[in-house]
Amino acid sequence: MAKDDTSYNARSSYHYLQFTPDEIVRLSSAELLQACLESRGLLQIIIGILLAPDASPTERIVACDLVYTQAMRMANESTSDQPKEVIADIKAVSDRLGLRPSAVRAAYEALAERGAVRIDERILPKPRHQLSLPLDQGSGADAHRK
């Protein structure tokens, strides 16, 4: 009896992660096994993050979100052997998780200190320009004094 080596595929891609229940019903037994292995692998990673004793709850939630969004990105995009740079929009993560942007930024920095993520470059939003109202030079109380 030949043994299928599906453990490597479960770790390297999340092809079936985005499938709906109706699509999963139509899978062959080998594909269903692969889908289960992918989901189980992702769940094990998330449980490991949640059980980390030395991480704050915010770090845990941000890390779980990061892993899940990366898995979904891998499921929806074609796979390649080249590592792809990912840009994390702190405001979008903040809105999605219901956390303050400063808490999300601090969690990413803590994850970077642990070696979980690499922050290459910070692209900060451009400063907002305050609108200044023009001074009334020919009207007002000063105009009447002249």
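What follows draws every value from the coordinates through simple rules; no lab data is involved. The model shown is predicted, which means the values in this text are computed figures rather than measured ones. Glycine also receives a Cβ, built like all others from the backbone with ideal geometry; neighbour counts cover every protein chain displayed.
Take the Cα of residue 33, step 7 Å toward its Cβ, do the same at residue 50, and the gap between the two points is 2.8 nm.
Using only the Cα atoms of the stretch 10-61, build the gyration tensor, take square roots of its eigenvalues as a ≥ b ≥ c, and label the shape rounded, prolate or oblate: rounded if a/c is under 1.5, else prolate if a/b is larger than b/c, else oblate. Walk me through the numbers on the way to the answer.
Numbers: a/c = 3.78, a/b = 2.68, b/c = 1.41.
Taking the square roots of the gyration eigenvalues as a ≥ b ≥ c, the stretch 10-61 is prolate.
Quote the Stokes-Einstein diffusion coefficient, in whole µm² s⁻¹, for the stretch 32-73, based on the Kirkwood radius over alpha carbon pairs, a temperature of 10 °C and a viscosity of 1.306 mPa s. Before the final figure, lay out each step's value.
Working: Rh = 10.8 Å.
In µm²/s, the coefficient rounds to 147.
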